[in-house]
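Some notes on the structure that comes next.
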Amino acid sequence: MDAEQRPLSARAEPTDLGEQRSSAVFLFSLERRPDGSLDVRGLAVNDTARALTGIDSPDAGPVPLDGLFVPDSAIEVLGHVRRAAASGAAHGSETQVVCEAGDASGPATFTPVSDTEGGVTGVVMVTSPISALSSADRANRAAGAGDASIGSFRSELGLGNVFVSDDLAAVLGVSPEDALGHGWLDAVHPDDRETVRSAIREAEQNAKALDLSCRIRTHDGDIRWARMRAAPLLGDAGSATGHVGTLEDTTSHHELEIRNSRFATTLDSTTDLVTYHDSTGRVTYMNAAARAFFGIGRDAPLPDLYPPDLSEPPTEGEAAMRSALVGDGRWQGELTMTGDGGRRITASVVLVAHRDASGTIEYYAGMARDVSEQRAAEEARRRSESTLRAVVQHSPLGIHVLDDQGRVQLWNQASEQIYGWTSEEVLGRRAPYVTPAEAAGYEELRARVLSGETIEGQEVRRLRKDGSTVHLSVFAAPLRDSTGRVMATIAVVADITSRVEAEHVLREREGLMSALVESASDIISIVERDGTIRYSSRVSERMLGYVEGSAPGLKIFDIIHPDEVDSVRRVWDEHIDHAGFVSPLELRVLKADGTWLQVEIIANNLLDDPSVAGVVVTSAT
């Protein structure tokens, strides 16, 4: 059967319309009617083409163009078919084709099919569904459709190419004659050549469509990428008798894919959640971090997800977010996102609207960064600062901070009570509590702290608002900035006025008592539990001759006459555990010069009185 008489029929492997760049292949037959007009009929070669046109059976034969496309598109396609048939050369078109089933396809290429004598017997149209094209594909095609190198060929089983267009030869970088038969394989990169041969053999043996990419090595050594797409031509028995198809230089597209792959690798390396959304908000891409967070497998298809499925609405409302995206092209804020297993995070989110050349929003890009720990730390810091402020304000000790110029920066409630000035009266001003007499000492103390010294428990006198004096115990330390420079001083002061005044009264009383004791005519001694004389008034030196400090550790029993010491010990032991007075005793005590002095003693046991902690013994002559 001659090539012109072979029935236009083809079978192809199923193609998923959801895959990017899934092409639809149509084969148009050309026959002359008796009146000389051209009868053009079309065949949906593969499943993608059949799905676009609503044809169910792969065995359906050629139909008129208005059975495949809506009237306007049928007329448009017919024009391109006639052009390819008349010129004998392939060309591209940016025309959007609307099929009878209602689906639309994007840019198309029209490639004439010639017989061995050079006559055009048909035209192949290859196009892609709009839904299968990514925005990058559409932009790339729109930018380079006029420059794309696309050639056509027809092969016969066992013979190889029986027809190649000049454009195909140009893609291979060889002459049309060298591209006939199997010669075109010489232009295929050696590393890809066997793979290409195997794919062609399998397609011929199984009557399958071809769709493969390979590298082309030109005569000057350049490496190019090309994509071959072909539909099988079937004989009466259903076996392949050859293929008809196109070879397209896809170097630019391949380089774009490499850049996109590197970009995707970069996105997958970040821990931020990156998503892309179409103009309706549906998620079309998630990086590895986003897939992991939402529990979607790395290679699993994306379910239909929209922004409400990913996060709670922003606090200002979805309308405000949409307004910002439409008006400014950008929205930034924080959202609460819920991931796999109910995990919730606070995310800092940036959304950017991307527009096409006409200004229409084409898609959205989003990036979300988990700031949950940061926000938790900030909240903890706020709570800590709030607690610290409360502690400082309600501390019973006065706390105030002075900058390096001596101006008050902090003045708590206790400082107000101690000094009498309110915080409103002192903040931003130099400390008012220094009297002229204390000024030099105050500045010396402040200079020490500013130099880095810490002051602990220094007692000072300061001035109150009412003019009275307050006694303070001061603890002061330097405050440093992030560089370590002292920028201020903090002072913690305790009001010790009552203690100082009490000590003064006590000292006066002690002085009075000491004067009374020293002026008495009797010897007054304090004796410890074991009999050691801890203290004796000065009159003992005059009466007994013992100089203070001359007999350390002297016990009262050491100076009692031997004839009386045992009876004194019995009385001592009998009363030592009982507080109070002991009846007077008469006895002889040894003087420093060795003579004996007759005395009467009265003892008062004050061992349990912490202020005395001894037995007070009064000796009179």
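The values are calculated or read from the model by the stated rules, or taken from the named source; none is laboratory data. Predicted, not measured: the structure shown is a model, and the values here were computed from it. Virtual Cβ from ideal backbone geometry, glycine too; neighbours counted across all protein chains shown. Keep in mind that these areas ignore ligands, DNA and RNA; they rest on the heavy atoms of the full protein, side chains included. Shrake-Rupley method; radii C 1.70, N 1.55, O 1.52, S 1.80 Å.
Available extension along the chain between residue 600 and residue 501 is 31.6 nm, counting 0.36 nm per residue and deducting the alpha carbon span. Suppose R0 equals 60 Å; then what is the FRET efficiency for residue 262 and residue 581 from their Cβ-Cβ distance, rounded to the nearest 0.05? Once the sixth-power term is evaluated, E becomes 0.05. Between residue 304 and residue 469, the FRET efficiency from the beta-carbon distance, with R0 = 56 Å, is close to 0.10. Inter-label distance, residue 218 to residue 70: 4.2 nm, where each label sits 7 Å from its Cα along the C-beta direction. The helix-based estimate of mean residue ellipticity at 222 nm for the chain, built from -39,500 (n - 2.57) per DSSP H run of four or more residues and divided by its residue count, is -9500 deg cm²/dmol to the nearest 500. Label sites at residue 607 and residue 385, each approximated as a point 7 angstrom past Cα along Cα to Cβ, lie 6.3 nm apart. Derived scalar couplings between HN and Hα for segment 328-333 equal 9, x, 7, 9, 9, x Hz in order, rounded to whole Hz, by the Karplus curve 6.51 cos²θ - 1.76 cosθ + 1.60 (θ = phi - 60°), x for Gly and Pro. Here residue 195 sits with roughly 100 square angstrom of accessible surface, probe radius 1.4 Å. Placing one identical point scatterer on every Cα of segment 170-246 and ignoring solvent, what is log10 I(q)/I(0) from the Debye formula at q = 0.18 Å⁻¹? Debye output, listed in q order: -0.74.
The packing ranking, built from the mean of other Cβ atoms within 10 Å per residue, places the peptides 472-484, 362-374 in the order 362-374, 472-484, highest first.
For segment 223-250 versus segment 434-505, the spacing of their alpha-carbon centroids is 96 Å.
Count Lys and Arg as plus one, Asp and Glu as minus one, and take only other residues whose Cβ is under 15 Å from that of residue 419; the net charge is then 0. Cut-off 19 Å, label point 7 angstrom out along Cα-to-Cβ of residue 120: give me the residues of segment 150-189 whose amide nitrogen falls inside. Flagged as within label range: 150-155, 162-170. Residues in segment 258-289 near a label at residue 374, defined as backbone nitrogen under 12 Å from the 7 Å Cα→Cβ point? Under cut-off, by backbone N: 272. In this label model, residue 423 and residue 563 are separated by 8.3 nm, measuring between points 7 Å along each Cα→Cβ vector. Residue 219 sits among other residues whose Cβ lies under 11 Å from its own Cβ, and their net charge, with Lys and Arg +1 and Asp and Glu -1, is -3. Taking 0.36 nm per residue of sequence separation and removing the Cα-Cα distance, the residue 592/residue 63 pair yields an extension gain of 175.5 nm. When every Cα-Cα distance of the chain is counted in 10 angstrom steps from zero, the calculated P(r) takes the values 3, 11, 13, 10, 9, 8, 6, 5, 6, 7, 6, 4, 5, 5, 3, 1, 0, 0 percent. Just round it to a whole percent: the fraction of Cα-Cα distances in segment 389-544 exceeding 20 Å. In whole percent, the long-distance tail amounts to 61. With R₀ fixed at 41 Å, the C-beta to C-beta distance from residue 430 to residue 354 puts the FRET efficiency at about 0.10. Sites listed here are trypsin sites (Lys or Arg not before Pro) in segment 384-450 whose DSSP assignment is loop and whose Cβ has at most 14 other Cβ atoms within 10 Å: 429. For residue 362, the residues whose amide H sits under 5 Å from its own are 354, 355, 356, ignoring neighbours fewer than 5 places away on the same chain, with H placed 1.01 Å from N. Phi angles of segment 184-195 translate, via the Karplus equation with coefficients 6.51, -1.76, 1.60 and θ = phi - 60°, into HN-Hα couplings of 4, 5, 5, 7, 6, 3, x, 6, 9, 4, 5, 4 Hz per residue; Gly and Pro are given as x.
Counting only the backbone N, which residues of segment 459-473 are under 17 Å from the spot 7 Å out from the Cα of residue 440 toward its beta-carbon? Answer for segment 459-473: 461.
So how tilted is helix 318-327 from the main axis of the chain? Cα-based, degrees 0 to 90, rounded to 10. That works out to roughly 60 degrees. Backbone phi angles across segment 252-263, fed through the Karplus curve with coefficients 6.51, -1.76 and 1.60 (θ = phi - 60°), yield HN-Hα couplings of 4, 5, 5, 5, 5, 5, 5, 4, 5, 5, 5, 4 Hz in residue order; Gly and Pro are listed as x. The slack between residue 530 and residue 318, meaning 0.36 nm per residue of separation minus the straight C-alpha distance, is 67.2 nm.
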